[in-house]
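Heads up: the structure comes next, in structure tokens.
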Amino acid sequence: MPLLLVDDDQDIRSLLADLLSLEGFHVDEAENGKVALEKLAENSYRLILLDIMMPVMDGIETLKEIHRLYNTPVLMLTARGDDSDRIQGLELGADDYLAKPFNDRELIARIRAILRRTDTNVALNTQNIINFEGLILNTATKQASYKGKSLELTATEFGCLELIVSQVNLAVSRDDLSLKVLGKPLSPYDRSIDVHMSNLRKKLPPRENNDLWFRTLRGRGYVMLSDEYCFNHNEQDENASQDDKFGRVIV
């Protein structure tokens, strides 16, 4: 996984990117916190190098959002080296702090030290993260987000979403949802799963491809469709009915 370098100064980004590349690191760049969060919604990173003084969204606000949504370690970089900045960054969850100007070797040493401490935890945390086309599910904290924006889901809604996302392009029955999410067999005339799924559909933001996140299968349950499946299905016949290998799909 690459490192993410967040700094509004193009010259500094170029210099640091070159330095880190020489040390064997692949680097993605972002010019402010907003762009950084957009990249985090699409990619996983071993470490974030984060400047404090930036336009649009400064490093402190960005750090708050990063630690609300992700477990990625953060090394703060700033031209302001006073104690208040350092303490605030560390209190908000930064793993380390380095004031500009700094020695190149010290930066590399700090980065390697953080990675040594956190790589085991990052590997474990990665197992808890599901990233489906910008939709991020943290199965440890039961939090979901899309494009960096948190989704206010109930525990049951999160459980339903996690189950269908883990079986993309495969039908998930209402019985499975009831057993695995609600912890009980589905009884006759029980519409609770349908209500939860309806609420979930309303809370999910518009998808980038403007298609539905998931579809209802008459008598079968629900299916979460990938972008690739949606594209291929629409390309084959834009005017075709929704009958396919899943059964009758109710949009």
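Here are some notes:
- Checking each residue in segment 59-83 for being modelled with pLDDT under 75 and aliphatic (A, V, I, L, M) picks out only 79.
- Residues located in segment 144-171, provided they are open to solvent by less than 50 Å² (accessible area, probe 1.4 Å), under 22 Å from residue 67 (Cα atoms) and in a loop (DSSP other than H, G, I, E, B): 148, 153
- For first residues located in segment 1-21 and part of a helix (DSSP H, G or I), partners that are open to solvent by less than 70 Å² (accessible area, probe 1.4 Å) and lie 6+ apart or on another chain with Cβ distances below 6 Å form the pairs 13/5; 13/7; 13/29; 16/5; 17/27; 20/27.
- Remark: residue 62 falls outside the filter, which requires a residue to be under 28 Å from residue 130 (Cα atoms), open to solvent by less than 20 Å² (accessible area, probe 1.4 Å) and either out of contact with any strand residue (DSSP E or B) (no Cβ under 9 Å at 6 or more places or on another chain) or part of a loop (DSSP other than H, G, I, E, B) (or both).
- Just one of (1) at pLDDT 90 or above; (2) open to solvent by 70 Å² or more (accessible area, probe 1.4 Å) fails for residue 174. It is (2).
- The one condition in (1) touching a residue at least 40 places away in the same chain (Cβ under 8 Å); (2) touching a helix residue (DSSP H, G or I) at 6+ places or on another chain (Cβ under 8 Å); (3) open to solvent by 30 Å² or more (accessible area, probe 1.4 Å); (4) under 25 Å from residue 146 (Cβ atoms) that residue 31 fails to fulfil: (1)
- Search result, residues across segment 186-202 that are assigned to a helix (DSSP H, G or I) and small (Gly, Ala, Ser): 192, 198
The values are calculated or read from the model by the stated rules, or taken from the named source; none is laboratory data. These numbers come from a predicted model, not from an experiment. Ideal geometry is used to build each Cβ from the backbone, glycine not excepted, and the neighbour counts take in all protein chains shown. Only protein heavy atoms, including side chains, enter the accessible area calculation; ligands, DNA and RNA are left aside. Shrake-Rupley method; radii C 1.70, N 1.55, O 1.52, S 1.80 Å.
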